[in-house]
Each structure stands twice: as structure tokens, then as C-alpha cells.
Amino acid sequence: TGSFMPYYQVEVMRNKFLGTGESGYHPVRKIKVVISGLKYAIRYDLSVTYKLLLSTVVLLIFFFFRQWVDFLLLAAATALMLQAELFNSAIEATCDFITTKESRKIKVIKDISAAAAGICILLWSVILIIESWRVVGLIVQ
């Protein structure tokens with residue numbers, strides 16, 4: 001008796017894996033969380049900030065010159081690179097949260113995460129250079 005609610009009926013945002021949090025689907029809240037995470041990454045992670053700024057400048061140039069294929073290719077590469085950088089930052093932060101002590105296992109985890117980000121950054125860099133070179137050719141003509 002009383003107002004006791006079983007754990008699975010508590011009105012907090014649901015985590016489908018853990019069964020915690022609020023129930024229901026809240027797309028506006030999810031968008032706010034995405035924006036919040038992106039703001040945090042831009043503000044505190046220089047590697048994310050400069051790459052995003054560089055891509056934005058080049059994307060604006062592609063847009064101005066109506067180079068749609070170049071624009072879409074760089075936008076996709078930027079999204080992939082940004083996703084890899086954010087995952088890498090999150091994995092590193094999680095490892096640092098788990099332990100601040102030197103650990104060979106944590107080093108391996110961070111190295112693998114950095115390698116994944118590095119592969120995406122390499123692809124982004126190649127696409128950025130090649131496509132920028134093409135646009136420079138258009139500007140010079």
C-alpha cells in the first residue's frame with residue numbers, strides 16, 4: 001500500500017538498455033542534447049574546433065561556386081571525421097573517469113580510439129585537399 005511505484009514504472013527519461021530515466025519519446029530534448037554535446041566539444045576540444053571551422057569555410061566556398069558534388073562529399077567526410085573525433089574524445093574521457101592511474105590496458109583502448117579517429121581524419125584531409133584544389137582551379141579561371 002502507499003505510493004510505492006515499481007522501478008520500471010518511475011517517470012524519468014528511459015534508457016532502453018538500462019531501464020532508467022523518463023519514459024516516452026522527446027525529440028526536442030534529444031536535439032537539445034545533441035547541440036549541447038556539440039557545443040561542449042567545440043568549446044573544449046581544439047581538434048574538433050579547428051577542423052569544423054576549416055570545413056565550414058571550404059563548404060561555404062563550394063556552396064558559393066555551386067559545386068554540389070564537392071559540397072556533399074566534403075560534408076559527408078566532415079560528418080565522419082567529426083563523429084570519429086567525438087567518439088574518440090568520449091572514450092578518452094570515459095577512460096580518464098574510470099582511472100587516473102597509468103594503465104597499459106587504458107593506453108591500448110585510447111590508442112585504438114585515436115587510430116580510428118586518425119583514419120577518418122586522413123580521409124577528411126585527402127578529400128579536403130583534393131576538392132579544395134579543384135575549387136582553386138575554378139577561381140583562377
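None of the figures in this text is laboratory data; all of them are computed from the coordinates on show. Treat the numbers as computed from the prediction; the structure is a model and nothing was measured. When we count neighbours, we look across all protein chains shown, and the Cβ atoms used for this are built from the backbone with ideal geometry, even at glycine.
Modelled spin labels at Val126 and Ile31, positioned 7 Å past Cα toward Cβ, are 3.6 nm from each other. Measuring nothing but how far apart in sequence close Cα pairs (under 8 Å, 6+ apart) lie, relative to its length, the stretch 18-91 scores a relative contact order of 26 percent.
Counting only residues 5 or more places away or on other chains, whose amide H sits under 5 Å from the amide H of Thr20 once H atoms are built in the peptide plane? The answer is Asn15. Electrostatic bookkeeping for Arg43 treats Lys and Arg as +1 and Asp and Glu as -1; over the other residues with beta carbon under 15 Å from its beta carbon, the sum is 0. For the stretch 27-106, the Kirkwood estimate of hydrodynamic radius, built from reciprocal distances between every pair of different alpha carbons, is 14.6 Å.
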